[in-house]
1. Go through segment A:162-180 and give me each residue that's facing chain B (nearest Cβ under 8 Å) and in contact with a Phe, Trp or Tyr (Cβ under 7 Å, 6 or more places away or on another chain).
2. Keeping to segment B:81-136, report how many residues are open to solvent by less than 10 Å² (accessible area, probe 1.4 Å), in a loop (DSSP other than H, G, I, E, B) and more than 9 Å from chain A (Cβ to nearest Cβ).
3. Can you tell me which residue in segment B:243-260 is least open to solvent (accessible area, probe 1.4 Å), limited to those that are in a helix (DSSP H, G or I) and in contact (Cβ under 8 Å) with a residue 24 or more places away in the chain?
4. Would you check if A:ARG259 is in contact with a helix residue (DSSP H, G or I) (Cβ under 9 Å, 6 or more places away or on another chain), more than 9 Å from chain B (Cβ to nearest Cβ) and open to solvent by 50 Å² or more (accessible area, probe 1.4 Å)?
5. A:LEU192 is checked against (1) open to solvent by less than 70 Å² (accessible area, probe 1.4 Å); (2) without any contact (Cβ under 8 Å) to a residue 12 or more places away in the chain; (3) within 19 Å of A:GLU40 (Cα to Cα) and fails just one. What number does that condition carry?
6. So, in segment B:232-245, of the ones that are more than 10 Å from ligand 1 (Cβ to nearest atom) and of a type outside the set (Asp, Glu), which residue ends up farthest from the other protein chains (Cβ to nearest Cβ)?
7. If I ask for residues that are β-branched (Val, Ile, Thr), in contact (Cβ under 8 Å) with a residue 12 or more places away in the chain and out of contact with any strand residue (DSSP E or B) (no Cβ under 6 Å at 6 or more places or on another chain), which ones from segment B:213-242 would you list?
Amino acid sequence: MRIAVCVKQVPDTEARLRVRKDGQWIDEEDLPFVINENDEYALEEALRLAEATGGEVVVFSLGPERVREALRKALAVGAARAVHLKDEAFLGGDALATGRALAAAIRGESFDLVLTGSQSDDAGYGATGTIIAGELGWPHAWLVMGVELEDGGKSVKVTREMESGLNELSRIGLPAVLQIQAGINHPRYASLKGIMQAKKKEIASPGPAELGLEAGQTGAAASRLELLNVAFPESGEGAQMLEGEPAAIAAELVARLQREAKVL
Amino acid sequence: MGNAIWIVLEHRQGKPHRMALEAVAAGQELARVTGGTAEAVVVGGAEARAVADQAAGWQLGAVRFVAGEGVAHYTPGGYAGALAEAVEADRPAVVLFPHTYQSVEYVPRLAQALGAALVPEAVSFEQRDGRLVWRRPVLGGKLVAEVAARGEGPVLVTLQSGAFAADQLAAAAEPAPILEQSTTAAADREVLGVEEAAEQQVDLSQAPVIVAVGRGVGKQENLVLVRELAEALGAEIGASRPVIDSGWLERERQIGSSGQTVAPRLYVALGISGAIQHVVGMKGSQVVVAINKDPGAPIFAIADYGVVGDLHEVVPALTAAVREAKAG
Ligand SMILES: Cc1cc2nc3c(=O)[nH]c(=O)nc-3n(C[C@H](O)[C@H](O)[C@H](O)COP(=O)(O)OP(=O)(O)OC[C@H]3O[C@@H](n4cnc5c(N)ncnc54)[C@H](O)[C@@H]3O)c2cc1C
Ligand SMILES: Nc1ncnc2c1ncn2[C@@H]1O[C@H](COP(=O)(O)O)[C@@H](O)[C@H]1O
C-alpha cells in the first residue's frame, strides 16, 4: 500500500509569540518550529499501515526552506522519500491554494491513501486535507481515531470522533484522504540509525510548472482568503492575578476562595 | 450575485443543533448589517422536515429544504454535493454554518467544489470599507486574525461555539415560506454505527470540584502533585486532550468538545493553555483558577483567579494551604 502523508511545520506551541512589525503575521525570527502535532500521529499511522502491507510512505510539505528540517525528521522515523513544495509561488496560500498544490504533487504518483493531520496548530483551518480530497475527487473523513483495512485494501473501516465522547464507525472506499486526530496511536521516536539513513533519502522540490499549475493557481495569488492582520486578543475583564512567593500566593488564593468566591 | 445570507441548520433526530440556533442569530444580525435577507437551509431526508417547520417560525426570508435519499443520513460527499447545487443555482452572498465537527468535515469540500472563500471558526464580523471582515482565532487562540474574502462569489463561514447568542434569535410575525427542492447528491461513505469513545465510569459532570491538568505538567510522574491537590480539595481529576493522548490518564477524564462537559463549583486548571476545544467543556464552571507559566495564556481571559508561575512550585504550596485551611 502506497501512502502519502502531509506534514506541516508550525511554531512550537510552547514558544512565546511576537507580532511582526507589519502586523500581518507573527515574527518568525528565532521562533522554534516543529512538526504539527496531529501530523506526527498521521505519519505514525501511515508507517504502521505501510509496515502491515509491505508498502511505502512518502511525505509532502509545503513551506519555506526551514521545512526541510521537519521533512528530515519524517524521513528519520521511516518515510521513504519526501516532496518539498518550497517555490515562492506556493507560499502564503489559504487552505484552498495549499490543498490544490499538495493535491497536484500527490496526483503525480499513485497512492492508495493520503493521510493528513486534522488541524494545524497555527492557521487552524481544519480544511486542507478535505480540499486535497476534493481536488483528487476522493472520499475523505475528518477526525479519524481508527483505521482498519478491509477487503484486501479496497476499503477502510474508519472510526471518527464526534462531539461529546461519541465515535462514528463507517466504511470508505479507497483511494481516500483520512485526516488523523491526535491520540490515535503513540508516535515512535527516530533511532540513531534512522537519523543516519535519512541523510541519504531523497527530498524532491518540484516547481509549480512541473505540477501543471499556472501563476495565479497557487500560493498567495490564488488565495480566496486575505489575512489582514493578527493581534493579541483583548483580555476583557480577565482574572484577578495573584503575585508573590508560592506559599504566600497559595495562602491568599485559599483565603479568597473561602471568603470572596465562597467555594471552599 | 444576490445579497442573501444563508444559514445551514445542522440537525439530529428532527431537532436543530444548539449551535445552529446561534448561527441563525448571527445570520439575522449579518442581514441587518449588510441589508440582505437571511434564509435558513435544511438538508436531509423526510425526518428533517420538522426542522424546516421549526425554522419557519424565525424571522427569515425563506426556509429552503433540500431533500433527497442520498442525504437522509449525513455524509460529507452527500451534503457538499447537495449544497453545491443549491448555492450554484441561487448564489447567496454568505453561507453560515455552526463550527461543529460535521461542518468542519464537509464545508471545505463545498468550498473546493465552488472555488469559494472559506472562513473557518469565525468569532465576529464587521463591515469595514465596504468589506466584510471576520475575526478568527489562530495559534491555539493565542492570537486573533482578521480576514476578508478576495474576489467574487459566495463566502462560506463556520461560526465558533458561543460566539453569537442564540437568545438573540428573532421570531417571525408570520411564518416564512418553505421552499422545497430535491437533490440527487449521493452518500460517499457507509455509516456502520455510533459508539461511546471511552467507557464512562467517572461522571465529571456532577463533580463539585475538579482539578484539571494539561500538557504543562510535563510528564506522567508529575501527576502525583495533581493527585495530592485533588485529594486535599476533595476533587475529581480531569485533563486536557494532550494528557489523555499521551496515555497519562484515561480517556474518560478528557474535558472539552470531544470529551466531557463539566460545570463544577470550582475548576482548577493546571498547565492548560485554554484552547477553545477545552474551554467549551468547562466554561460553565462557577469559579475558575488557572495556574500557568505563560502570562499570555488564553485561559487567564476566562479565569477568575490567575497565578503566573511554575505549577511544580505553586501546586505543592496550594495543597499545603488547602490542607491547613481545612484543618483549621
Ligand atoms: C477537533 C478537536 C477536538 C479537540 N478536543 C479537545 C478536547 O475535548 N479537550 C481538550 O482539552 N482539547 C481538545 N482539543 C485540543 C485543543 O485544541 C488543544 O490542543 C488542547 O486543549 C491543549 O491542551 P493543553 O492546554 O494541555 O496544552 P498546551 O496548549 O500545549 O498548553 C500547555 C500549557 O501549559 C503551560 N505550562 C507549561 N509548563 C508549565 C509549568 N511548568 N507550569 C505552569 N504552566 C506550564 C504552558 O504555558 C501552556 O499554556 C481538540 C482539538 C481538535 C482539533
Ligand atoms: N503547508 C502544508 N504542508 C503540508 N501539509 C499541510 C500544510 N498545511 C496543511 N497541511 C495538512 O493539512 C492538515 C490540516 O491543516 P489546516 O487545514 O491548516 O488545519 C495539517 O495537519 C497537515 O497535515
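1. Answer for segment A:162-180, where residues must be facing chain B (nearest Cβ under 8 Å) and in contact with a Phe, Trp or Tyr (Cβ under 7 Å, 6 or more places away or on another chain): A:MET162, A:GLU163.
2. Within segment B:81-136, residues that are open to solvent by less than 10 Å² (accessible area, probe 1.4 Å), in a loop (DSSP other than H, G, I, E, B) and more than 9 Å from chain A (Cβ to nearest Cβ) number 1.
3. The qualifying residue least open to solvent (accessible area, probe 1.4 Å) is B:VAL243.
4. For A:ARG259, the condition - in contact with a helix residue (DSSP H, G or I) (Cβ under 9 Å, 6 or more places away or on another chain), more than 9 Å from chain B (Cβ to nearest Cβ) and open to solvent by 50 Å² or more (accessible area, probe 1.4 Å) - is not met.
5. The number of the failed condition is (1).
6. The residue in question is B:ILE237.
7. Selection gives B:VAL217 alone.
Condition check ((1) closer than 30 Å to B:THR75 by Cβ; (2) among the charged types (D, E, K, R)) across all residues:
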{"site": "B:VAL123", "(1), (2)": "yes, no"}
{"site": "B:ARG128", "(1), (2)": "no, yes"}
{"site": "B:GLY141", "(1), (2)": "no, no"}
{"site": "B:VAL147", "(1), (2)": "yes, no"}
{"site": "B:GLN160", "(1), (2)": "yes, no"}
{"site": "B:ALA165", "(1), (2)": "no, no"}
{"site": "B:ALA173", "(1), (2)": "no, no"}
{"site": "B:ASP188", "(1), (2)": "yes, yes"}
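The values are calculated or read from the model by the stated rules, or taken from the named source; none is laboratory data. Since we're looking at a predicted model, the values are computed, not measured. Please note: Cβ atoms are built from the backbone with ideal geometry, for glycine as well, and neighbour counts cover all protein chains shown. When the accessible area is computed, the model is the full protein with side chains, heavy atoms only, and any ligands, DNA or RNA have been set aside. Shrake-Rupley method; radii C 1.70, N 1.55, O 1.52, S 1.80 Å.
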